[in-house]
Amino acid sequence: MEIITYPHPTLRHKSKPIKRVDARLREIVREMFELMYEAKGVGLAANQVDLPFRLFVTNLEADLEKGEEMVFINPILSMPKGTEENEEGCLSLPGLYGNVVRPKKVRVNAYNLQGEEINADIEGLFSRVVQHETDHLDGVLFIDRMTDSAKIDIEGELDEFETEFNSRRETGGIPAAAAIAARLNEWEEKYC
Ligand code: NI
């Protein structure tokens, strides 16, 4: 398992809700936390590790020894309030940062790995991370939400990601689109 980077097609996959949790899925979640810590991230969505699940993990301290690990399964956001602009980055676009305007507060409803409900009104960094990760599950990246003028500033960097990805694909480092889709479909049949 590894973190995939832009413009890998799975990052544009709209995830389906998870219907079952088993030992394998719990192992996957553990591995997601480990990859997130290695990359010093505060959140990681399943499609960032090439899996089609409606699930993401967070730890606002980005550190195994600190903070609180949370797993969000089938999250639903509602009751957005206010707006706030802040800088974001993404483990699937390493080194790229940009300002994004989002609702300041949201309500999140989800389940954790134990099947317990999560119901919380959140704000600040937590709210931003949960919104960013929920976007991932819908195939949305933070660059999609940047203003048009901010997007112009990052065009060159996006081109570099695309060139790098295409060369990896040509040298066999990335499977063909049909193979990626077939693999996602297999996982969906098992869990969604
Ligand atoms: Ni991200």
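Picking from Glu170, Glu188, Glu162, Glu133, which residue would you name as being among the acidic types (Asp, Glu), under 22 Å from Asp50 (Cβ atoms) and open to solvent by 80 Å² or more (accessible area, probe 1.4 Å)? Don't jump to the end; show me each part of the working.
Working: Glu188 fails: open to solvent by 80 Å² or more (accessible area, probe 1.4 Å); Glu162 fails: open to solvent by 80 Å² or more (accessible area, probe 1.4 Å); Glu133 fails: open to solvent by 80 Å² or more (accessible area, probe 1.4 Å).
None of the other options fit; the residue is Glu170.
Within the stretch 147-162, track down each residue that is in contact (Cβ under 8 Å) with a residue 40 or more places away in the chain, assigned to a helix (DSSP H, G or I) and among the β-branched types (Val, Ile, Thr).
Answer for the stretch 147-162, where residues must be in contact (Cβ under 8 Å) with a residue 40 or more places away in the chain, assigned to a helix (DSSP H, G or I) and among the β-branched types (Val, Ile, Thr): just Ile154.
Is it the case that the stretch 31-42 has a residue that's over 19 Å from Phe126 (Cα atoms), among the basic types (Lys, Arg) and loosely packed, with under 15 Cβ neighbours inside 10 Å? Walk me through how you get there before you give the answer.
Just the residues of the stretch 31-42 that are over 19 Å from Phe126 (Cα atoms), to begin with: 31, 34-35, 38.
With among the basic types (Lys, Arg) added as a condition, the list becomes none.
No.
Of all residues in the stretch 48-69, which are in contact with a strand residue (DSSP E or B) (Cβ under 8 Å, 6 or more places away or on another chain), within 12 Å of the ligand (Cβ to nearest atom) and within 21 Å of Ala181 (Cα to Cα)?
Within the stretch 48-69, Phe56 is the sole residue that qualifies.
Can we say Asp144 is in a helix (DSSP H, G or I), of a type in the set (Asp, Glu), open to solvent by less than 30 Å² (accessible area, probe 1.4 Å) and within 16 Å of the ligand (Cβ to nearest atom)?
Numbers: in a helix (DSSP H, G or I): yes; of a type in the set (Asp, Glu): yes; open to solvent by less than 30 Å² (accessible area, probe 1.4 Å): no; within 16 Å of the ligand (Cβ to nearest atom): yes.
Judged against the criteria, Asp144 is not a match.
Return the only residue of Gly156, Gly139 being farther than 29 Å from Val29 by Cβ and open to solvent by less than 50 Å² (accessible area, probe 1.4 Å). Write out each step before concluding.
Details: Gly139 fails: farther than 29 Å from Val29 by Cβ.
Within the list Gly156, Gly139, the selection yields Gly156.
Suppose we filter the stretch 151-172 for residues that are charged (D, E, K, R) and touching a strand residue (DSSP E or B) at 6+ places or on another chain (Cβ under 9 Å); how many remain?
Of the residues in the stretch 151-172, the ones charged (D, E, K, R) are 151, 153, 155, 157, 159-160, 162, 164, 168-170.
The next check asks that each one be touching a strand residue (DSSP E or B) at 6+ places or on another chain (Cβ under 9 Å); those that pass are 151, 153.
Residues in the stretch 151-172 being charged (D, E, K, R) and touching a strand residue (DSSP E or B) at 6+ places or on another chain (Cβ under 9 Å): 2 in total.
Could you list, in sequence order, all residues of the stretch 29-78 that are among the aliphatic types (A, V, I, L, M), within 20 Å of Pro9 (Cα to Cα) and in a loop (DSSP other than H, G, I, E, B)?
Across the stretch 29-78, the qualifying residue is only Leu51.
Search the stretch 163-192 for residues that are within 16 Å of Arg12 (Cα to Cα) and pair each with any residue that is among the basic types (Lys, Arg) and surrounded by 14 or more Cβ atoms within 10 Å (Cβ to Cβ) when their beta-carbon atoms are under 7 Å apart and the residues are at least 6 apart or on different chains.
Glu188/Lys16
Any residue that is among the aliphatic types (A, V, I, L, M) and without any contact (Cβ under 8 Å) to a residue 12 or more places away in the chain - is there at least one of those in the stretch 21-44? I'd like the intermediate steps shown before the answer.
Let us first name the residues in the stretch 21-44 that are among the aliphatic types (A, V, I, L, M), namely 21, 23, 25, 28-29, 32, 35-36, 39, 42, 44.
Those still in the list that are without any contact (Cβ under 8 Å) to a residue 12 or more places away in the chain too: 23.
Looking for residues that are among the aliphatic types (A, V, I, L, M) and without any contact (Cβ under 8 Å) to a residue 12 or more places away in the chain, one finds at least one in the stretch 21-44, hence yes.
Tally the residues that are in a strand (DSSP E or B), open to solvent by 40 Å² or more (accessible area, probe 1.4 Å), more than 16 Å from the ligand (Cβ to nearest atom) and without any contact (Cβ under 8 Å) to a residue 40 or more places away in the chain, restricting the search to the stretch 79-126.
Count: 9.
Looking at (1) over 26 Å from Val57 (Cβ atoms); (2) of a type outside the set (A, V, I, L, M); (3) part of a helix (DSSP H, G or I), find the lone condition where Gly172 falls short.
Status for Gly172: all satisfied but (3).
The values are calculated or read from the model by the stated rules, or taken from the named source; none is laboratory data. Computed from a prediction, not measured in an experiment: that's the story for all the values here. Reconstructed Cβ throughout: ideal geometry from the backbone, glycine too, with neighbour counts over all protein chains shown. Just the protein is used for accessible areas: all its heavy atoms, side chains included, with ligands, DNA and RNA removed. Shrake-Rupley method; radii C 1.70, N 1.55, O 1.52, S 1.80 Å.
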